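Here the structure is laid out as C-alpha cells; the discussion comes afterwards.
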Amino acid sequence: MTNETQAAESTDGFHLVIDALKLNGIDTIYTLPGIPITDFLRMAQAEGMKVISFRHEQHAGNAAAAHGFITGKPGICFTVSAPGFLNGLTALANATTNCFPMILVSGSSEREIVDLQQGDYEEMDQLAIAKPLCKAAYRVLHAEDIGVGIARSIRSALSGRPGGVYLDLPAKLFAQSIPREAGRKSLIQVVDPAPKQIPARDSLDRAVALLKGAKKPLVILGKGAAYARADAEIAKFIETTGVPYLPMSMAKGLLPDTHPQCASAARSFVLAEADVVMLVGARLNWLLSHGKGKTWGAGSSKEAGAKQFIQVDISPMEADSNVATQAPVIGDIGSCISAMNAALGAGWAKPPSDWTGAIAERKDKNLTKMAQTLAKDTNPMSFQTALSVIRDKIKERPDAILVNEGANTLDFCRSIVDMYEPRKRIDVGTWGIMGIGMGYAVAAAVATGKPVIAVCGDSAFGFSGMEVETVCRYELPVCVVVFNNNGVYGGTDVNPRGTEVAPTVFVKDAKYEMLMQAFGGVGVRAATRDELRRAIDEAVGSGRPTLINAIIDETAGTESGRITSLNPSAAKKK
Ligand code: ADP
Ligand code: TPW
C-alpha cells in the first residue's frame, strides 16, 4: 500500500473530534488557539464549523456557557494546556454553578511526563484540577475512544441538572491515526441527551393540594424554568391558576414583565406575605435570602418564614437545601408543569381577591413612583435616567438580547428594564460574577443573529473589555453601553493618606469609546439622555459594533449595589 492510499483509508484524532462534534449537531467552537489545538481549529473551520477566536480563554469559556443557555445544546470551548486551561476554568465553574451546559476541551501535555512531573511544556494534571469544579471530567487517550469521550461529555452536560464538563485531550491524541472505517464506527450520535424525567404522581397531588389550600400563593420562576423551554406550559399554568409570580433575573421575559400577574413591583410585599411559595427552576440560595429572615416575613436572619414550599426541580437533592420543602416535585420542568396543568382540573379557584388586590395596589403605587423617577432627565445622568433609554429600546426591540453586569448597573437595570421574551436576559447569575459581559455578548450575537445590548458597569466591563476586538473582527451586532462613573461602584472614594488613589477609583473621564474605535467599530460618548438615545438608536439600527461611553453621576449608586449588607464590617473601629 502506498503512503497515499494508507492516508486515504485512515483518519486521525483531529478529524475524529470534528466528526464527533458535527455528528452531534455541534457547529460552533469558542476558542483561543495555540499548541496543541491550532491545526485542529483550522481543520474545524475548513470542515464548515464556526470557529470564534477570543483574546482570553475566560471569555471564550463564558461565550460557550451562554451559548449553552441560549440554545439548549452544550457550548464548546477549546483551550491550550495549563495556563489556557486555567483561564477557561473560571468559566467552566461558573457554568456549572449556573446549571448551563458547556464543555471545556483543553489540549494537554504528554501524560507520561506530566505524571512523573518531569517538566513538560505547559505541564499540569488538568483532569484532577478540573474535577471538583465541574459536573463531570473525562480524558481520552486513544483515538478510537474519541467518540465515547465526546458522547459522554454531551450527555453529562445536558442530562439531569445541566452543567459544565471538562474533556482532556492530550496533544498526542490529535495525531493518532486509525483506519477510517474503524474511526467512523467508533463515533456515537447521542440519542435523547436530556431525557424527560416524569414526576411521581403522588408528588404532583401533594403539590396541587398545597397550592389549592393557599390563601396567599406565589410562584417564583428561576433561570431553570427559562432554560427548560416549557414557555407555553408555564404561561398556561400561571394564567390558569391566577397565582402571582416573581421572575428571577434571567427568568424575566418568560412571561412579559408587564403581565398583570407579575409581582416584581411588589417583590418585598409578596415574599414577606405569601403563605405557599412554589419554586420553579429556582434555588432558595442567597439570591432569595435562603428562605429566611425579614425578606420572608420572619424575625431574625436565621429564622424561616411561616411558609410552605413547593419546589419543582430536576435535581432531587435541591429540596430542603435551606428550609423545609413540603412538596418537592422532581422532574424536568416541561413534564412537571404540564402534569400539574392536567392535575389542576376544571374549575380551579383563583387566589382570594384580597391577596391579588393587595398586590395590585402595591404594584400601582411602586410603578407610579418608578415612572416619575424615570421621567426625570437628570444631568449628569443618574442610573435611572440612562436606563430609561435601555428600557424604551428593549420595549421597541423585544427580540434583542440584554447582557447585564455591574453592581448598581445590574440592580437598577434588572428592576427598570422590562423583558418581553424568554431567554433574552443573561447576566452575572448565581455567583454575581463580573467579566461575563463580552463573552456572553459575542455568544448571544453568534447563536441568535439578533441585536445584543450589553449594559456594563465600567468596572465590570474592564474584565472583558479587550474582547471588543472580537466583536469588531466578526462584525457582530453588539452595542456595549459602559456605565461610566469612574470606579468600582462609584468614583468618589478618597484615600485618607492622600497618596495613591483609593482602591475603588479609576482614571477620571476615561474614553472607553476609543477602545471600540481602535478596532474599526463605532465609539460614542453620551453625557445626556438624548445623546444616549441617539447613539443606541443608531447602533441597534445599523447593527455595527458600537461602544457607548455613558457618563453617569459618579456619586450615584451605593457600595455593592443592593447587597451592601454582605460586606463584613470591622469589629474594631479605628
Ligand atoms: P435562579 O438563579 O434564576 O433563581 P437557579 O440557578 O438558582 O435559578 O436555579 C435553577 C434550577 O433549575 C436548578 O436547581 C436546576 O436544577 C433547575 N433546572 C435546570 N434545568 C431544569 C429543567 N430542565 N427542569 C427542571 N429543573 C431544571
Ligand atoms: C470576578 C466584586 C462586584 S460588583 C463589581 C465588583 C468588582 C464592580 C462594580 O462596579 P461597576 O458597577 O461595574 O462599575 P456600578 O454599576 O456599581 O458602577 N471579581 C469578580 N466578580 C465580582 N463580583 C467581584 C470581583 C464586584
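So here's what we get for this one:
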item: Search result, residues across the stretch 415-431 that are closer than 24 Å to T564 by Cβ and surrounded by 22 or more Cβ atoms within 10 Å (Cβ to Cβ); result: V417, R425, D427, V428, G429
item: Long-range neighbours under 9 Å by Cβ, at least six apart or interchain, first residue without any contact (Cβ under 8 Å) to a residue 60 or more places away in the chain within the stretch 432-461, second away from ligand 1 (no atom under 16 Å from the Cβ) and of a type in the set (D, E, K, R); result: G437/E467; A441/E467; K450/R397; K450/D399
item: Only one of T97, T79 that is closer than 21 Å to G439 by Cβ and buried (at least 24 other Cβ atoms within 10 Å of the Cβ); result: T79
item: Per-region count, the stretch 426-466, residues in contact with a Lys or Arg (Cβ under 8 Å, 6 or more places away or on another chain), under 17 Å from G88 (Cα atoms) and within 16 Å of ligand 1 (Cβ to nearest atom); result: 0
item: Qualifying position, being away from ligand 2 (no atom under 16 Å from the Cβ), in a loop (DSSP other than H, G, I, E, B) and surrounded by 15 or more Cβ atoms within 10 Å (Cβ to Cβ), among V191, V165, V243; result: V243
item: Helices (runs of 4 or more DSSP H) within the stretch 1-100 that include 2 or more residues over 20 Å from the mean Cα position of the chain (by Cα); result: 3-8, 13-23, 38-46, 82-98
item: Criterion: basic (K, R), farther than 19 Å from L532 by Cβ and either away from ligand 1 (no atom under 16 Å from the Cβ) or crowded, with 16+ Cβ neighbours inside 10 Å (or both) - qualifying residue of K393, K376, K363; result: K363
item: Residue count, the stretch 495-536 (criterion: part of a loop (DSSP other than H, G, I, E, B), crowded, with 18+ Cβ neighbours inside 10 Å and either of a type outside the set (S, T, Y) or touching a Cys at 6+ places or on another chain (Cβ under 8 Å) (or both)); result: 1
item: Single residue of P422, P477 found to be within 16 Å of ligand 1 (Cβ to nearest atom) and under 21 Å from R397 (Cβ atoms); result: P422
item: Residue in the stretch 488-505 that is touching a Phe, Trp or Tyr at 6+ places or on another chain (Cβ under 8 Å) and either within 16 Å of ligand 1 (Cβ to nearest atom) or within 22 Å of T378 (Cα to Cα) (or both) present; result: yes
item: Matching residues, the stretch 537-567, being at pLDDT 95 or above and either part of a helix (DSSP H, G or I) or within 16 Å of ligand 1 (Cβ to nearest atom) (or both); result: D537, E538, A539, V540, G541, S542
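The values are calculated or read from the model by the stated rules, or taken from the named source; none is laboratory data. Just so it is clear, the model here is predicted, and its values are computed rather than measured. As a convention, Cβ positions derive from the backbone with ideal geometry for all residues, glycine included, and neighbour counts pool all protein chains shown.
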